[in-house]
Amino acid sequence: MAAAGERAVAGARAAIQVLVVDDHPVVRSGLVGMLASQPDLRVVGTAADGYEAVARAGELRPDVVLMDLRMPRLDGVAAIERITAAGPDVAVLVLTTYDGDADIVRAVAAGAAGYLLKDAPLETLAEAVRAVARGETVLAPPVAARLASRLRAPDPVTLTRRETEVLAAVARGRTNAEIGRELFIGEATVKTHLLRVFAKLQVDDRTHAVTAALERGLLPPITPA
């Protein structure tokens, strides 16, 4: 019995810790219920506005903050800036009904690791939480398309030197944290560069970004390490 109890404690610790932030009680409850159905996800707290989100994130140190954008007192973008500044190891995943260019760009610039719309199915939401907890970046396809229209360079697509360096490191299998150390930049900056690359290449994950860049000749062929 003791061994079983120890396994249960270890499993609880291994679960991804999530803080749910939304100013609508019904939405918060729904998200908590949805995430609770996933054995590897654990909601450790909720918040109803940006100020509460910042305080709860500092108190609970979750792995992922699921963040709404439009909230009273302090909006989601301002909360993202404060949370990522205080704890760069906390990943913020935006979940909102708003897909306007300005909303997306402001959230990305503030340090969001991902951006999903509230019509995303449970499977997509759960996998996005797992992805940002691993240090990856996630964009819903419609969001990637909107970002592309704002950030895309004239055809043919070009990447900046730093974007190329970051994507080349991704191609070598480096994590965001490892890339940050190699290039002497913050992990949040790495995520921002990747989101811009996703937008330019109109993709929504790291694997497709590398593939698209190789196909366009934006990266040299990958050679074994």
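The values are calculated or read from the model by the stated rules, or taken from the named source; none is laboratory data. Quick caveat: nothing in here was measured; it's all calculated off a predicted structure. A quick note on method: Cβ atoms are made from the backbone with ideal geometry, for glycine too, and the neighbour counts reach across all protein chains shown. The accessibility values were calculated without ligands, DNA or RNA, using every heavy atom of the protein model including side chains. Shrake-Rupley method; radii C 1.70, N 1.55, O 1.52, S 1.80 Å.
Below, the figures for the structure above:
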{"quantity": "Selection within the stretch 33-43 - in a loop (DSSP other than H, G, I, E, B) and within 19 Å of the chain's Cα centre (by Cα)", "calculated": "38, 40"}
{"quantity": "Residue list for the stretch 125-140, filter: part of a helix (DSSP H, G or I) and either touching a Leu at 6+ places or on another chain (Cβ under 7 Å) or at positive phi (or both)", "calculated": "125, 126, 128, 129, 132"}
{"quantity": "Selection count, the stretch 97-115, where residues are surrounded by 20 or more Cβ atoms within 10 Å (Cβ to Cβ), touching a Leu at 6+ places or on another chain (Cβ under 9 Å) and either assigned to a helix (DSSP H, G or I) or modelled with pLDDT under 90 (or both)", "calculated": "4"}
{"quantity": "Residue in the stretch 140-151 that is modelled with the highest pLDDT, counting only those that are surrounded by fewer than 16 Cβ atoms within 10 Å (Cβ to Cβ) and over 30 Å from residue 14 (Cα atoms)", "calculated": "142"}
{"quantity": "Among the residues listed as 188, 213, 199, the single one being part of a helix (DSSP H, G or I), open to solvent by 30 Å² or more (accessible area, probe 1.4 Å) and among the hydrophobic types (A, V, I, L, M, F, W, C)", "calculated": "188"}
{"quantity": "Given (1) in contact with a helix residue (DSSP H, G or I) (Cβ under 6 Å, 6 or more places away or on another chain); (2) among the β-branched types (Val, Ile, Thr); (3) open to solvent by less than 10 Å² (accessible area, probe 1.4 Å), index of the condition residue 132 fails", "calculated": "(1)"}
{"quantity": "Residue satisfying all of: in the stretch 44-88; part of a loop (DSSP other than H, G, I, E, B) and among the basic types (Lys, Arg); nearest to residue 106 (Cα to Cα) among these", "calculated": "70"}
{"quantity": "Enumeration of residues in the stretch 44-55 that are of a type outside the set (Asp, Glu) and either surrounded by 21 or more Cβ atoms within 10 Å (Cβ to Cβ) or over 19 Å from the mean Cα position of the chain (by Cα) (or both)", "calculated": "47, 48, 50, 51, 53, 54, 55"}
{"quantity": "Close pairs (7 angstrom Cβ cut-off, 6 or more residues apart or separate chains): free of Cβ contacts under 8 Å to residues at least 12 places away in the same chain in the stretch 64-86, surrounded by fewer than 23 Cβ atoms within 10 Å (Cβ to Cβ) and not hydroxyl-bearing (Ser, Thr, Tyr) anywhere", "calculated": "none"}
{"quantity": "Candidate set: the stretch 119-129, residues that are surrounded by 14 or more Cβ atoms within 10 Å (Cβ to Cβ) and in contact (Cβ under 8 Å) with a residue 60 or more places away in the chain; chosen: the one farthest from residue 196 (Cα to Cα)", "calculated": "126"}
{"quantity": "Residue check, residue 137 crowded, with 17+ Cβ neighbours inside 10 Å and at pLDDT below 90", "calculated": "yes"}
{"quantity": "Failed condition for residue 207, given (1) at pLDDT below 95; (2) assigned to a helix (DSSP H, G or I); (3) surrounded by 15 or more Cβ atoms within 10 Å (Cβ to Cβ)", "calculated": "(3)"}
{"quantity": "Count of the stretch 65-104 residues which are over 20 Å from residue 26 (Cα atoms), more than 12 Å from the chain's Cα centre (by Cα) and of a type in the set (S, T, N, Q)", "calculated": "0"}
{"quantity": "Near pairs, Cβ below 8 angstrom, 6+ apart or cross-chain, from the stretch 32-44 (more than 16 Å from residue 68 (Cβ to Cβ)) to any residue that is surrounded by fewer than 18 Cβ atoms within 10 Å (Cβ to Cβ) and of a type in the set (D, E, K, R)", "calculated": "40/130; 41/130"}
